[in-house]
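Below: the structure, in C-alpha cells.
Where a number appears in this text, it was derived from the coordinates with a stated rule and is not lab data. Note that the structure is a prediction, hence the values are computed from the model and not measured. No Cβ is skipped: glycine too gets one built from the backbone with ideal geometry, and neighbour counts run over all protein chains shown.
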Amino acid sequence: MSRPVPATRAAYPHFLPINTRWSDNDLYGHVNNVVYYSYFDTVVNEYLIRKGALDPESGKTIGLVVETHCSYFASLAFPERIDAGLRVARLGTTSVRYEVGIFSAGSDQPAAQGHFVHVYVDRDTRRPVPLPDALVAALEPLVTG
C-alpha cells in the first residue's frame with residue numbers, strides 16, 4: 001500500500017480553527033489518533049450547521065458514516081491550536097465523501113489528512129435518500145477536483 005501524498009493548505013476551501021484540549025493528549029505526549037476523527041466530525045458538522053444544511057436534533061435527513069480513513073504525517077500536542085481544512089471529493093446522489101486536513105496553526109503541511117463518507121438516510125427508516133437541496137447547495141463550494 002502506497003503512502004498518500006499530503007495535500008497542502010491550499011487544497012482546502014474551508015477552515016475551522018480548533019483548540020486542542022489537555023484530554024486530547026495520550027500517554028505518549030501527543031494527540032491520540034482517535035481524537036483526529038473527532039476533529040473530522042467537528043469541522044464537517046460545524047460547517048453544515050452554520051450553512052443551515054444540518055439540523056441534528058430534528059432534521060428528517062441524517063448522515064451516517066460508512067467509511068473512514070486517516071493518515072498521519074506529524075505529531076500535534078496540547079496546547080497547540082489547529083486548523084481543520086475541509087473539502088468535498090465526491091458529491092453523489094445519496095452520499096458525500098468529505099476530505100479533511102489537520103494542520104498545526106499556520107503550517108502549510110498537514111499533520112494528518114483523511115476522509116469519511118456519509119450516506120444520507122431518512123432519520124426514521126434509516127434508508128438512503130437523495131441529498132437535500134440545502135445540503136447540495138452548501139457543499140458545492142467545497143467540491144474540488
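Distance from a point 7 Å along Cα→Cβ of Leu64 to each backbone N in the stretch 76-106: keep the residues under 18 Å and list them by number.
92-98
Could you work out which residue, out of Ser104, Ser23, Ser95, moves most in a Gaussian network model of the chain, that is, has the largest mean-square fluctuation with Cα springs under 10 Å?
Ser23
What's the local net charge at Val31, with K and R +1, D and E -1, over the other residues with C-beta under 11 Å away?
Surrounding charge for Val31 is -2.
Using alpha carbons only, what's the Rg to Rh ratio of the chain with Rh from Kirkwood?
Radius of gyration relative to Kirkwood radius: 0.98.
How big is Rg to Rh over the stretch 77-117, alpha-carbon atoms, Rh as the Kirkwood inverse-mean-distance radius?
With Rg and the Kirkwood Rh in hand, the quotient comes to 1.11.
Do you know the relative contact order of the stretch 10-142, to the nearest whole percent, from alpha carbon pairs under 8 angstrom that are 6+ apart?
It comes to 30 percent, rounded to a whole number.
Under a crude label model (7 Å from the Cα following the beta-carbon direction), how far is Lys51 from Ser23 in nanometres?
For the pair Lys51/Ser23, the computed spacing is 2.9 nm.
Where the only charges are on Cβ atoms (+1 Lys, Arg; -1 Asp, Glu), what is the dipole of the stretch 52-95 about its Cα centre, to the nearest 20 debye?
Magnitude of the dipole: close to 160 debye.
Would you mind getting me the FRET efficiency between Ala105 and Glu140? Use the beta-carbon distance for r and R0 = 25 Å, nearest 0.05.
Here the calculated transfer efficiency is 0.35.
Where in the stretch 1-110 are there trypsin sites (Lys or Arg not before Pro) that are in a DSSP coil and have at most 16 other Cβ atoms within 10 angstrom of their Cβ?
Here the sparse-neighbourhood loop sites are Arg21, Lys51, Lys60.
As I understand it, the dipole of the chain uses +1 on the Cβ of Lys and Arg and -1 on the Cβ of Asp and Glu, about the Cα centre. Which of Thr8, Leu91, Tyr47 lies farthest toward its positive end?
Among Thr8, Leu91, Tyr47, the one farthest towards the positive end of the dipole of the chain is Leu91.
Applying 1/(1 + (r/R0)^6) with R0 = 41 Å to the Cβ-Cβ distance of Asp122 and Ala74, what FRET efficiency is obtained, to the nearest 0.05?
Step by step, r from the Cβ atoms, then E = 0.50.
Do the sum for the chain: with -39,500 (n - 2.57) for every DSSP H run of n ≥ 4, divided by all residues, what is the mean residue ellipticity at 222 nm, to the nearest 500 deg cm²/dmol?
Helices in the chain give a 222 nm mean residue ellipticity of -5500 deg cm²/dmol.
When the dipole is taken about the Cα centre of the chain, and only Lys, Arg (+1) and Asp, Glu (-1) are charged at their Cβ, what size is it in debye, to the nearest 20?
220 debye
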